[in-house]
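All remarks here apply to the structure that follows.
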Amino acid sequence: MAETPKDEMPKAYEAGKVEQKWYKFWLDKGYFTPKIDPKKKPFVIIMPPPNVTGELHIGHALTATLEDIMVRWHRMMGEPTLWLPGVDHAGIATQVVVEKMLAGEGVDRHKLGREKTQARIRQWAESRRQMIARQHQRLGASCDWGRERYTLDEGPSRAVRTAFVRLYEKGLIYRGERIINWCPRCATALSDLETDHQDIQGNLYYVRYPLEGSKEFITVATTRPETILGDTAVAVNPKDKRYKGMVGKKVILPAVKRVIPIIADEAVDPEFGTGAVKITPAHDPVDFEVAQRNDLPLVSILNPDVTMNENAGPYAGLDRFECRQAILDDLEKEGLLVKIEPYGHSVGHCMRCQTIIEPIASQQWFISTKPLAGPAIKAVQAESISIIPERFTKVYLNWMENIRDWCISRQLWWGHRIPVWYCRDCGEVTVSVDEPKACGKCGSSKIEQDPDVLDTWFSSALWPHSTMGWPDDTGDLGYFYPTTVMETGYDILFFWVARMIMMGLADTGDIPFSTVYLHGLLRDEKGEKMSKVKGNVVDPLDTIAKYGTDALRFALTNDISPGNDIKLTPSRLEAGRNFANKLWNATRFVVRSIEAEDVALNIKRDGLAVEDRWILSRLSGTIANVTRLMDNFQFGEAQRQLHDFLWGEFCDWYIEFAKIRLSSKEEPSPLPVLVYALETSLRLLHPFMPFVTEELWQNLKKRLPAGWAKTESIMVAAYPAADDRAIDPEAERVMESIVEIIHAIRNARAEHKVESGRWIEARVYAGELTPAIKAYSPAIETLAKARPVSFLESRGEAPGENVLALVLKSSEVIIPMESMVDLEAERQRLEQEIARTGAEVARLEARLKDKAFLTKAPPAVVAKERDNLSGRKDRLERLKTQLARFKA
Ligand SMILES: [Zn+2]
Ligand SMILES: [Zn+2]
């Protein structure tokens, strides 16, 4: 007999009691730290660093779950596996949060000063970092905490400065005046990707500009009349015949009376408004380019807080929207406002605070992205990097081919300060990785660092190599880079993935990863995006407390497929919890059987029962499918097949058959196969549900003889490999047929509401399978509550007999009605129902003959009643046939 356990398994699985114990065990054993083996190719995932801004949300839980599945799977396959965790300082997002906290205390960052504000943000961020790590641990994330990185750590910070300096030296970083998106609330420039475009119902204002020295006008249309103050030209398309004589003339700008020219430019769309457009180069990206081509001056009219500046003349000091109204009033008075049309257009909003952004011309730092995009396009075209799902390859290439320069400076205090120093003596710039003491050109010590910080995505773009120690030639960089999979949401393909590819190639000469796996967005039951505003957010920690981590992971992985959005519903969480309980009960049964039986646990291949051969065949088939699906990143389908195998074939059928054999002490004992199939399945499931599988595996291991489960933990045990020799189509055919027969009889019982204590008769016709199935009559009897079970020589029922005939895939089951129901009561029930249905038919027929109804009722109502009638008539016929059989 196997070793007698001292502690018995509790009746039910309590996730809360075991999860943290096992996490600590894994951590203490150092399983998360890979062993570098130069002979083996490592498997590496760099975790997308969560923003230090806040707690983990359910999206992070999804990311962590998918990555943990991959990482645990590869680790069990014996590959040196690194999952490197990290946290992002999230410049603008973090500063916005801390500014709000300061405002609550009545403090303004400008009053507090740069250094004290930074200290406050740092302190707050540090507390968050620890919380984020703890939350990841609750999710079971098996990442290497010893290698955790923070974007503001010295290593990654030096990588940022080094990358900046090298790109600057190659001429790929420049400072220039461009139109940028300005958020007046955040008081910083934003990249195009950080602005949300929202469709707004606004107005198109038609305004007359008087021609100089003439009584004529030219009419332009605008959605932002306050920008008239910044106009430096009116432009028409050179092919537009309506304005042929106008080009070269001058107009007088209303409100400020500046004289500006009428010019011709290809960019003007003759179909828009009147075909003549105002050019405001300091406040519109297209106009900025027109101005560059035509040598027009830039007139900025806004202060950083979007009040009007001195160039706005009489309107100086007004807020941008107050100014709009004031100008409209004045234009109206002067008779220059021709008309106002309602006009729907798209307006940029700050992604962080939803304030309407203002395009303004400003001196900023840019990366010239075209030269970096070239190699990044090639890497994907040549399939050195593959994007899953494939459809995003096109999206990526399209964006890269039309890429625009990237504005990387932000007027913030939180982040990596731009490594550029301006000389007050010679005016030159010094760009340096380390803080310079003097100007690189004239040697003056009167130098001052650029006050701005870099866009947070700049440091994120370096993440796969900066976390490995780049620019130093470290062991980690040599062994783990390029990494294997970059797993993230499709919503940050441009923000992050594309930029990592560009910067990875630029800095290291190598791709940062070979596969990009993009997951979809999480939605609620109704398919809506989760948001705090909607109040449909699912909190991962609350969910873990209620259902257990494995249930949450199960629900998140449930039918996930690359790139498609996922619904998270309470029923899926419950399904996950029920699955853990089902496995618990199954293991408890196996464990008790080991304790009760005196059986050697090694499987003897010859002399196995059909159901043993069947479950071993199905197990091997499931392993093969799961492995193939995981290879193709189809984690949802892999989990579904595992679940269906374990719940259905193993627990519901194999264990039920085994119970019969164990209680009748039948030879051979099913115990060796039970133990083998369970132990193997737990390993197969471990990457998906790590905690419950470890708990069950350990309970099993305690009762197994030495040599069965050699490792100390399931997480370092080998991942199961499919065994082709176990595949047994004959056994599968027989067992499927038996299962189908039992299933059909159970369904018939349920449909006819047979009391659970009542035995019913079943006659089975199974053709050539008869001898094999006949051997299972006792099991069919027990599991279907059918007695006697007899076998027919030929298909079909005896004529005139009142029976239920069930036609199945490879057999037929005949159940005499009288064995299920009381015939007299059934006859009466049928007669009553025929009377009721007949009355309904008569009522409907009368109604459909009623002329008043037919003329007054809408055609749809009449059609519906006709359908009703034909449905009832059909039912009446079927009831009568049934009754006729009873009478026979
Ligand atoms: Zn903002
Ligand atoms: Zn100088």
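Quick notes
- Contact order normalised by residue count of the chain, Cα under 8 Å, 6+ apart, percent: 12
- Neighbour net charge for ALA846 - beta-carbon separation under 15 angstrom, K R +1, D E -1: +3
- Surface accessible to a 1.4 Å probe, per residue, for the residues of region 420-571, Å²: 38
- Extension gain, ARG605 to SER561: 0.36 nm times the residue separation minus the Cα-Cα distance gives 12.0 nm.
- Accessible area (Å², per residue) of region 9-121, counting only protein heavy atoms and a probe of 1.4 Å: 42
- Where PHE688, PHE392 fall by accessible area, highest first, once all protein chains stay in place (1.4 Å): PHE392, PHE688
- Short to long, the 5 Å bins of the Cα pair-distance histogram for region 194-292 hold 2, 13, 24, 26, 20, 8, 4, 2, 1, 0 percent of all pairs.
- Under the simplified labelling scheme, the MET131-CYS442 pair shows an inter-label distance of 5.0 nm, with each label point 7 Å from Cα along Cα→Cβ.
- For region 415-553, diffusion coefficient by Stokes-Einstein and Kirkwood Rh (Cα), 25 °C, 0.890 mPa s, µm²/s: 129
- Under-5 Å amide H pairs with SER409, H placed in peptide plane, nonlocal only: TRP365, ASP455
- Straight-line reach from LYS339: taking Cα to Cα under 19 Å and skipping same-chain neighbours fewer than 8 places apart, the lysines in range are LYS278.
- Counting only Cβ charges, +1 for Lys and Arg and -1 for Asp and Glu, the dipole size of region 77-136 around its Cα centre is about 260 debye.
- Among the GluC sites (Glu not before Pro) within region 777-851, those in coil by DSSP and having at most 15 neighbouring Cβ atoms inside 10 Å are GLU793, GLU801.
- ILE200 long-range amide H proximity, modeled H, under 5 Å: HIS345, SER346, VAL347
- Ignoring aspartates and glutamates fewer than eight residues from LYS546 along the same chain, the ones with Cα atoms less than 12 angstrom from its Cα are GLU14, GLU574.
- Largest accessible area first, the listed residues ASP507, ASP631 line up as ASP631, ASP507 when surface is computed with a 1.4 Å probe on the assembled protein chains.
- Treating r as the C-beta distance of ASN311 and VAL338 and R0 as 35 Å, the FRET efficiency rounds to 0.90.
- Cα-based radius of gyration of region 659-785 once divided by 2.2 N^0.38 Å, which approximates compact folds: 1.37
- Taking Cα atoms only, the orientation of helix 671-685 departs from the longest principal axis of the chain by about 10 degrees.
- Partner lysines whose Cα lies under 21 Å from the Cα of LYS111, excluding those fewer than 8 positions away in the same chain, are identified as LYS100.
- Accessible surface of region 83-172 [probe 1.4 Å, protein heavy atoms]: carbon and sulfur percent: 48
- With respect to the chain, whose longest principal axis is taken over its alpha-carbon atoms, helix 823-849 is tilted by about 40°.
- Karplus-derived 3J(HN,Hα) values for region 269-282, using 6.51 cos²θ - 1.76 cosθ + 1.60 with θ = phi - 60°, are 8, x, 7, 7, x, 9, x, 10, 10, 7, 10, 10, x, 7 Hz; glycine and proline are entered as x.
- With the largest listed first and rounded to whole Å, the semi-axes of the equivalent ellipsoid of region 523-582 from the Cα gyration tensor are 20, 15, 9.
- Charging the Cβ of each Asp and Glu at -1 and of each Lys and Arg at +1, and nothing else, the dipole of the chain about its Cα centre rounds to 1000 debye.
- Using alpha-carbon coordinates, inclination of helix 570-596 to the longest axis of the chain, degrees: 40
- Of LYS659/LYS774; LYS41/LYS710; LYS11/LYS529, pairs whose Cα-Cα distance is over 30 Å: LYS11/LYS529
- Cα-based radius of gyration of region 742-809 once divided by 2.2 N^0.38 Å, which approximates compact folds: 1.10
- Estimated inter-spin distance, LYS526 and GLU845, nm [label 7 Å along Cα→Cβ]: 4.7
- Residue-wise HN-Hα coupling along region 406-415, computed from phi with Karplus coefficients 6.51, -1.76, 1.60 (Hz; x: Gly, Pro): 9, 6, 10, 8, 10, 8, 10, 10, 9, x
- 5 angstrom amide H check on VAL338, placed H, neighbours 5+ away: TYR206, VAL207, ARG208
- Treating each Cα of region 23-92 as one equal point scatterer and applying the Debye formula with no solvent, the log10 of I(q)/I(0) at q = 0.19 Å⁻¹ comes out as -0.86.
- In region 697-752, the portion of solvent-accessible area held by carbon and sulfur atoms comes to 53 percent [1.4 Å probe, whole percent, DNA, RNA and ligands not counted].
- Computed Rg/Rh of the chain, alpha carbon atoms with Kirkwood Rh: 1.10
- Working note: Karplus 6.51/-1.76/1.60 with θ = phi - 60° gives region 135-142 the couplings 5, 4, 5, 4, 7, x, 4, 9 Hz, where Gly and Pro are set to x.
- The chain, helix-only ellipticity at 222 nm - DSSP H runs n ≥ 4, -39,500 (n - 2.57), divided by all residues, nearest 500: -13500 deg cm²/dmol
The values are calculated or read from the model by the stated rules, or taken from the named source; none is laboratory data. None of the values given here were measured: they were computed from a predicted structure. Neighbour counts run over all protein chains shown; Cβ positions are idealised from the backbone, glycine included. The protein model used for the area step is the full one, side chains on, heavy atoms only, and it has no ligands, DNA or RNA in it. Shrake-Rupley method; radii C 1.70, N 1.55, O 1.52, S 1.80 Å.
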